[in-house]
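Take a look at the structure set out below.
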Amino acid sequence: MARVIGLTGGVASGKSTVAAMLRALGAVVLDADAIVRELQQPGTPVFRAIVEAFGPGVVRADGTLDRAALGRRVFADPEARRRLNAIVHPAVRERLHQEVARLQRRLPPDAVIVLDIPLLLDTAPREAYPLEGVIVVVADDSTQVARLRARDGLDEAAARQRLAAQRPVREKAAEADWVIDNSGSLEETRRQVEALWRRLTG
């Protein structure tokens with residue numbers, strides 16, 4: 001059966017960059033964030049549960065979920081974040097299990113399936129998924145803050161609030177089977193990813 005590897009990291013640590021590199025090398029990547037967006041489409045059970053929990057203020061004029069408004073709520077309020085996680089995470093977990101089972105039926109045994117899950121090791125233990133190992137992507141705090149500000153247009157306080165809302169990446173790295181340090185250049189990261197890929201497929 002194909003190997004199943006978890007991929008996670010801190011916010012703006014560069015996890016998506018590493019996922020793209022692994023995909024280019026031949027991994028089949030399942031993106032939990034993409035699944036979340038699918039499950040939050042208007043009319044779905046997850047969408048209805050979010051609106052019931054957080055009110056019409058998290059819905060745009062066109063009827064879609066206002067992810068920015070929801071993000072502001074949950075990053076400022078730990079209890080709101082727990083409520084959202086309790087709605088979204090079980091549905092995402094179920095979908096990922098379904099997708100892994102589907103892929104296992106059709107992929108060759110030397111294939112590598114990567115589950116790209118931002119909050120793996122934060123709100124979901126590694127045992128929640130059929131993982132052979134976990135990759136954690138790390139970057140230093142100042143790099144994460146700078147990337148968050150550039151990517152999302154946040155001020156420093158808001159960027160640091162986002163960092164504080166997640167478990168420190170150094171704690172997650174201590175539980176990793178493999179660590180990719182994405183604090184440096186893209187080429188330095190690529191060399192680490194290619195070396196890891198050789199280990200996974202060798």
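Numbers at a glance
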{"quantity": "Check on residue 120, closer than 30 Å to residue 98 by Cα and open to solvent by 30 Å² or more (accessible area, probe 1.4 Å)", "calculated": "no"}
{"quantity": "Scan of region 182-191 for residues that are out of contact with any helix residue (DSSP H, G or I) (no Cβ under 8 Å at 6 or more places or on another chain), closer than 18 Å to residue 12 by Cβ and assigned to a helix (DSSP H, G or I), ordered by number", "calculated": "188"}
{"quantity": "Output for region 177-193, where each listed residue is within 20 Å of residue 147 (Cα to Cα), open to solvent by 50 Å² or more (accessible area, probe 1.4 Å) and of a type in the set (S, T, N, Q)", "calculated": "185"}
{"quantity": "Failed criterion for residue 73 (all others in (1) open to solvent by less than 30 Å² (accessible area, probe 1.4 Å); (2) in a helix (DSSP H, G or I); (3) closer than 25 Å to residue 147 by Cα hold)", "calculated": "(1)"}
{"quantity": "Sole residue being open to solvent by less than 80 Å² (accessible area, probe 1.4 Å) and either among the β-branched types (Val, Ile, Thr) or not in a helix (DSSP H, G or I) (or both), chosen from 167, 162", "calculated": "167"}
{"quantity": "Top-ranked residue in region 74-124 [being of a type in the set (Asp, Glu) and within 15 Å of the chain's Cα centre (by Cα); ranked as nearest to residue 36 (Cα to Cα)]", "calculated": "116"}
{"quantity": "Selection from region 32-91 of residues that are among the basic types (Lys, Arg), over 26 Å from residue 9 (Cα atoms) and in contact with a helix residue (DSSP H, G or I) (Cβ under 9 Å, 6 or more places away or on another chain)", "calculated": "60"}
{"quantity": "Residues located in region 12-52, provided they are farther than 17 Å from residue 98 by Cα, among the small types (Gly, Ala, Ser), open to solvent by less than 60 Å² (accessible area, probe 1.4 Å) and part of a helix (DSSP H, G or I)", "calculated": "19, 20, 49"}
{"quantity": "Residue check, residue 94 open to solvent by less than 50 Å² (accessible area, probe 1.4 Å) and at pLDDT 95 or above", "calculated": "no"}
{"quantity": "Tally of residues being of a type in the set (D, E, K, R) and farther than 16 Å from residue 192 by Cα across region 11-45", "calculated": "4"}
{"quantity": "Considering residues of region 147-158 that are open to solvent by less than 60 Å² (accessible area, probe 1.4 Å) and in a helix (DSSP H, G or I) only, the residue farthest from residue 118 (Cα to Cα)", "calculated": "158"}
{"quantity": "Subset of region 130-146 (residues that are open to solvent by 20 Å² or more (accessible area, probe 1.4 Å) and in a loop (DSSP other than H, G, I, E, B))", "calculated": "130, 131, 132, 140"}
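The values are calculated or read from the model by the stated rules, or taken from the named source; none is laboratory data. Given the structure is predicted, the values throughout are model-derived calculations rather than measurements. Positions of Cβ are generated from backbone atoms using ideal geometry, with glycine treated the same way; all protein chains shown enter the neighbour counts. The protein model used for the area step is the full one, side chains on, heavy atoms only, and it has no ligands, DNA or RNA in it. Shrake-Rupley method; radii C 1.70, N 1.55, O 1.52, S 1.80 Å.
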